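So the structure is just underneath, and the comments pick up after that.
Only the coordinates and a few stated rules stand behind these numbers; no lab work does. Since the model is a prediction, treat every value here as computed from it, not as a measurement. Quick reminder, even Gly has a Cβ in these numbers, built from the backbone with ideal geometry, and neighbours come from all protein chains shown.
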Amino acid sequence: MKRREFVARASAGIVALTPGLPRLPLRGRAAPWLLVPMDDAQSDHLKAYGLAFRLLERGGKAEWFLNYRGGAFLVPADGATSRDAALAGVTTEPLDDGRLVEVRGEIQNGNMDAVPLEKAPKVAVYAPPNAAPWDDAVTMALNYAGIKFEKIWDREVVGQGLRSYDWLHLHHEDFTGQYSKFFLNYAGAPWLVEMVEQNRGMARSLGYPSVPAEKRAVALAIGQYVERGGFLFAMCTATETLDLALAADGVDIAAAYADGSPMDPNATAGMRWERALAFQGARLELSPTMPVYSDIDGHQVNSPDRRQPLGSFTLFNFSAKIDPVATMLVQSHRQVIPDFYGLTTSFARSRLKPGVTVLAEETGAPWVKYIHGERGQGTWTFFGGHDPEDPQHQIGDAPTDLSLHPHSPGYRLILNNVLFPAAKKKELKT
Amino acid sequence: MSSFRLVRIPLVLLSLCTMPRAAAAQQATMPRAFELERRGNYDAAAEAYRGILSGKPGDVSALLGLERVLLPLNRSVEIVPDVRAALAANPSSAALYGVALRAWGASDQPDSMRAVAERWARIAPRDEAPYREWGAAALAGRDREGALQAYRLGRERLGRGDVLAAEMAQLAISDGDYASAAREWLPAVRRLPGYRVTAVATLGHAPVSKRPEILRTLSAEPDFTARRLESELRVKWGDPLGGLAALESGLPQARGQGVEALRGLVEQLRMQRTRDGLVAQGRALEAIAARLPEGQAARTRLEAAQAYSAAGDREAARRMLSGLADDRSAPSVVASGAATALLTVLIGEGKLSEASRRLTELRPQLSGEEHAELLRALVTAYIRLGELDRADSVLGRDSTIEGFALAGRIRLYRGDLDGAVESFKQAGPYAGDRADATRRTVLLALLQPIEADTLQLLGAALLRLEQGDTTRAVAELETVAGDLPAANGGAELRLLAGRLAAAKGDPALAERLYREAASKEAPATAPAAELALAELMLAARRTSEAVTQLEHLILTYPESALVPQARRALDMARGAVPQT
């Protein structure tokens, strides 16, 4: 028997014995599987994640072929999935058992892995009630891909409401309670007035003396959520301010307009970085008018004299079989991605804690873009920048229409994070 | 071994021991350091610059180079010893004091910064630079108060109110204090007019609520600098006529200065294609023309006429053009431009006989191409009036692609479908602009399935559409469609009639026509009709019906070219993408 034939038969036997994906009874010669390619053959990369997610929601099973054809999905060729793919415009390729065995053989022999996707995670997006759905990249990605989520805010977080969610995304919130430090520069702007009123009202109703105090309580609850096994994903300024709020134990890091007392001039020295998730040793911005928090951000977009130009960032290659988590998070059909600004655009290398996994960096620059780490039973992932397809996003800009960017590699990284909690847990070596 | 050899060995060893230092000194040249810096090898570049400084501690270029490369390495603080040595070696170099201020700023030593600035100020007592650099270094260290102190001290020492005004203005902007910023910008611009652009750019970002205060601050000042700033800000904030009025109220008597200011305003207004923007542009150009010698004014008057014409103010346009088109002394380019503009105005006003007569009269002033374009504009106007024979006669035997496109329209409206198709095909995709080409393609698609060579009723219906009588056009199109099989034009005509009904605000009629057009007997038309029907439902907020309709379209006609559009509409219906 030739080796190839042997491998094929042996693999077929293994597949037959494995209680893997439920399959429809074969009708005629119809292929029982659909491969959802995620390389350049895919016509809508972002909606492909929604296809997989909805299949899991229906109780179906899927597999994520890490590093195989850009991170392809294997789904059963049932009527609902086929219809869903047709409506969403997601490219699928019929796959019969023989070809599937070949694919599995290919995966076995390369830096690839097949990860079963078992259960749709329950997704929460932390956002104020009046937040425009089009001002947050994750909300846009979830809406576009057709992934269900619930919006929660401070009352739910402080009231232990996070327990019922597997995955939490933080809208670009300022957890230092300083209204993104726009308070002075945009004084009188209706949106800012509304934001201030809403936050002050919430702090009062929850019994906190100020918005910074209340936001710190929210940050602590989010930290505990991760400790207990939650999956946290944050972008833009939520990354930096969450860690600043966690580390500011007994230190006033908020300007007088936010809590009535000026920022402690020695705040930098008083920070307790062991409480933060990702960063350490940062120097805090003391000016109440400068919409910059610290030197964690490498790009300092709102500081005219320190602002750095945009370049591009490169995703790292990880070993799929040894580091499946990191591999899942960097699945993409593009390895080099144009950078984009946010209130926090990137993370200074010098401010990262030693255990942080860097998922993407700008080669040669003193900052990184995309990081991941663990805390207790859970994990967190931070992605710098505001909107991957609007590199210079400004307040009041037109919303990004993702139907014009169905192949966005930046948005894919967000959706990798959404599906990552659906993966069957196994011993993670990252 | 000879004694010579024994002596040589220690010499060789000695030379080997001293070589690194000598080699370093030899290699530590500015070109090499620059090259290392250019390549991004900052560590090596820092060493190279230090090598130069070890020999010449006061070398300004090397110290500046070292400062540059230490910054990306996040090691700016390390420059302090080099700066000390440089200042000791070259205590009169202003550039070194600048580096020193930044170095002590980076190492967070405000007292040292002040001391260095004071030292520098003693060397250059009438210079603002020590205070400016001190303030900048303080700002780099996020010390706003330190910067303010530096600027105030500079102003006090130099004894003038306009000292460091631009810096104070920027500081006020960063505090959100726009009125103070405006007050500071004024002396800064008076002293150095080049600051005007920055002043307008920074003040221009003021929130709406702050703008009246800024304008009040500026209007309280009597001079032309204030008027000009006010004018440019008003234009930037969407009040072009107010901007023009502000500028005109303070225009200096000096002709050159006035013209320069008006031209600046015109340049700013060119970005604003609103009616007010165009009127303001026309008036500013008219004002410029009034200030120019007669020989030079013609071109500007022409530009003013074009701006007025684009704004729809034909009276003003004609006023500008009067005499210009017939002026034999005007430059030929101006005369032909004026003739073109005048004829365009006449055609726009529907004075076709006068336009025709003037076109003949002005023929010598026009190039062949200009004449042909105006002729076609005249033909188009006759077509719109329904005077097809006159249009045909004016068009004559125009064998250009634009001519064929017009001939196609004349034939179509006469009901000669075969002739229209032939002419449109001859016109091809390049006649007119993209919209014209698309319109012809749509008409070809409409006519293609119809088997009849002539259909006068259809021509009449389409002419009514051209003339803007949509209601009668819809009724007549439906009548014609009733006589045609669905697959042979019936469905297409109903779809067109449905679109027109929707556009004129009759959704019930549009829905009926779309449903009739979405016939399985006309599979080429049905997807478009279904999509149009879904869009109609979406507009009426009948979202779930629209979703069902779109899903039906995508699943029934998966190969249709309209499927991507249907998916986008589906996304919008489901709230997956923003409503645009």
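Residue-normalised convex hull volume from the C-alpha trace of chain B: 317 Å³ per residue.
Counting only alpha carbon atoms, the long axis of helix A:409-419 and the longest principal axis of chain A meet at about 80°.
Along its three principal directions, the equivalent ellipsoid of the stretch B:409-506 from the Cα gyration tensor extends over semi-axes of 20, 16, 12 Å, largest first. Ordering B:Gly250, B:Pro57, B:Leu70 by Cα displacement along the dipole of chain B toward the positive end leaves B:Pro57 in first place; charges were set at the Cβ atoms of Lys, Arg (+1) and Asp, Glu (-1).
May I ask for the angle, rounded to the nearest 10°, between helix A:236-247 and the longest principal axis of chain A, with both axes built from Cα atoms and the value confined to 0 to 90°? With both axes taken from Cα atoms, the answer is about 60 degrees. Under the combined filter of DSSP loop state and at most 10 neighbouring Cβ atoms within 10 Å, the stretch A:42-125 retains none of its chymotrypsin sites (Phe, Trp or Tyr not before Pro).
Compute log10 of I(q)/I(0) for the stretch A:123-422 with the Debye formula, placing one identical point scatterer on every Cα and leaving out solvent, at q = 0.10 Å⁻¹, to two decimals. Each listed q maps to, in turn, -0.49. Legend: distances between Cα atoms for A:Lys122/A:Lys369; A:Lys151/A:Lys353; A:Lys151/B:Lys504; pairs beyond 29 Å are A:Lys151/A:Lys353; A:Lys151/B:Lys504. Across peptide B:569-577, the average count of Cβ atoms from other chains found within 10 Å of a residue's Cβ is 5. Each principal axis of the protein assembly as shown carries a Cα extent, and these read 114, 97, 87 Å when sorted largest first. Per residue, the average separation of C-alpha pairs within less than 8 Å and at least 6 apart gives the stretch A:269-381 a relative contact order of 26 percent.
In debye, nearest 20, what is the charge dipole magnitude of chain A about its Cα centre with +1 on Lys and Arg Cβ and -1 on Asp and Glu Cβ, if you could check? Before the final figure, lay out the partial values.
On the way: 44 positive and 49 negative charges, 346 e Å.
Once rounded to the nearest 20, the dipole reads 1660 debye.
Taking the fewest neighbouring Cβ atoms within 10 Å as the starting point, the ordered list for B:Leu64, B:Leu562, B:Leu455, B:Leu412 is B:Leu64, B:Leu562, B:Leu455, B:Leu412. Considering only alpha-carbon pairs that sit under 8 angstrom and 6 or more positions apart, the relative contact order computed for chain B is 4 percent.
As a length-normalised measure over Cα pairs under 8 Å and 6 or more apart, the relative contact order of the stretch A:123-422 settles at 19 percent. Placing +1 on the Cβ of every Lys and Arg and -1 on the Cβ of every Asp and Glu, with no other charges, gives chain B a dipole of roughly 2280 debye about its Cα centre.
Projecting the Cα positions of A:Thr241, A:Phe73, A:Ala360 onto the charge dipole of chain A (unit charges on Cβ atoms of Lys, Arg, Asp and Glu, taken about the Cα centre) puts A:Phe73 furthest along the positive direction. Roughly what angle does helix B:507-517 make with the longest principal axis of chain B, taking Cα atoms, 0 to 90 degrees, to the nearest 10? The angle comes out near 80 degrees.
Taking the centroid of alpha carbons for each part, the stretch B:548-580 and the stretch A:174-195 are 39 Å apart.
Remark: the protein assembly as shown carries a charge dipole of roughly 1960 debye about the Cα centre, counting +1 on each Lys and Arg Cβ and -1 on each Asp and Glu Cβ. Residue order for B:Trp185, A:Trp367, A:Trp191, A:Trp153, fewest other beta carbons within 10 angstrom first, comes to A:Trp191, A:Trp153, A:Trp367, B:Trp185. The trypsin sites (Lys or Arg not before Pro) found in the stretch B:382-447 that occupy coil by DSSP, while having at most 11 further C-beta atoms within 10 Å, are B:Arg397.
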